Structures are given as structure tokens and as C-alpha cells.
Amino acid sequence: MTLNGDSILFKTILENHQGNTVFIDVWASWCKDCLEGLPSVKALQAKHSEVDFVYLSLDKTQKAWRKGVDRLEIKGDHYLMQSGWKGAMGTFLDLDWIPRYMIIDKQGTIKVFNAIKTSDITLINNLK
């Protein structure tokens, strides 16, 4: 779901960023590890302005999600994974922990799929 409340497919999200490097952050406003990692994500975002940052939230309600995005002043494209951990997207991602960071390169290739720390060297190297 978009911030406007519209449904959207992950495929469409990726198409919207076609030709750009995309950093994906799977997070939730209630997640302690996500909140602890957020300053590092914001620092990466400031350093890599050419990269598109996409946030996929696992918040349980639209209200909690929107409140978290606003309160934490997170810049980028935001989407709510309404189906949660066990929905199609959660299953595709094989989610077992958040935050989860991923990078998709300009050609659409998944370069990083399962990083849980922003200090992951593979993550950093694929942002260059």
C-alpha cells in the first residue's frame, strides 16, 4: 500500500525505479533494531543521493506506519506490506528478521538480498 492508501505490486515499485540503484529497507516503527539502524540508513541516504531509497513497512496498521514515517522523518518511497511477515512478499523475501536491507542495481539485478546491518561490507560496496 502507498502512503495515499492505494494498493501497489512490488513489481510496480521496482518498475518505478527502473534504471536506478535501489536500496530497500524492510522495517517497522515498533522494531528496536530497525530504529537503532535508522541513523545509519539516513547517513547512507545522505551520502548516496543518486540511490533510490524504498521502505517496506511491516507495521500492523496504516495509522502506526504513517505515524512512524512522519515521527522519524524518513525520506524516500514508503509502502506498507499489508500481508505482513507471512504474506506473499514476506514469503518471497524469506523474512525471519528485520531490519532487512537489499540492493538492486541499475540493471535490475539483486546484488544484496539478506543484509541485517548497514555496516555489511557487501551492502556498502554495492552502493558505490
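The values are calculated or read from the model by the stated rules, or taken from the named source; none is laboratory data. Please read all numbers here as calculations on a predicted model, not as lab measurements. Don't worry about glycine lacking a Cβ; one is built from the backbone with ideal geometry, like all the others, and counts go over all protein chains shown.
Within the range 7-21, the set of residues being among the polar types (S, T, N, Q) and either at pLDDT below 95 or over 14 Å from the mean Cα position of the chain (by Cα) (or both) comprises Ser7, Thr12, Asn16, Gln18, Asn20.
Listed conditions (1) part of a helix (DSSP H, G or I); (2) hydrophobic (A, V, I, L, M, F, W, C); (3) surrounded by fewer than 16 Cβ atoms within 10 Å (Cβ to Cβ); (4) in contact with a strand residue (DSSP E or B) (Cβ under 6 Å, 6 or more places away or on another chain) are all met by Val69, apart from (3). For the range 72-93, the tally of residues that are touching a strand residue (DSSP E or B) at 6+ places or on another chain (Cβ under 8 Å) and under 23 Å from Ser40 (Cβ atoms) stands at 9.
Tallying residues that are closer than 23 Å to Gly19 by Cβ and part of a strand (DSSP E or B) within the range 49-66 yields 5. For the range 73-84, a residue qualifies if it is surrounded by fewer than 16 Cβ atoms within 10 Å (Cβ to Cβ), on the phi < 0 side of the Ramachandran plot and either part of a helix (DSSP H, G or I) or in contact (Cβ under 8 Å) with a residue 12 or more places away in the chain (or both), and exactly one does: Lys75. Residue check: Asp25 meets all listed conditions (1) in contact with a strand residue (DSSP E or B) (Cβ under 6 Å, 6 or more places away or on another chain); (2) at pLDDT 95 or above; (3) more than 17 Å from Asn114 (Cα to Cα) but one, namely (3). Put simply, of Lys60, Lys111, Lys42 the only residue that is at pLDDT below 95, surrounded by 14 or more Cβ atoms within 10 Å (Cβ to Cβ), closer than 21 Å to Ile13 by Cβ and basic (Lys, Arg) is Lys60.
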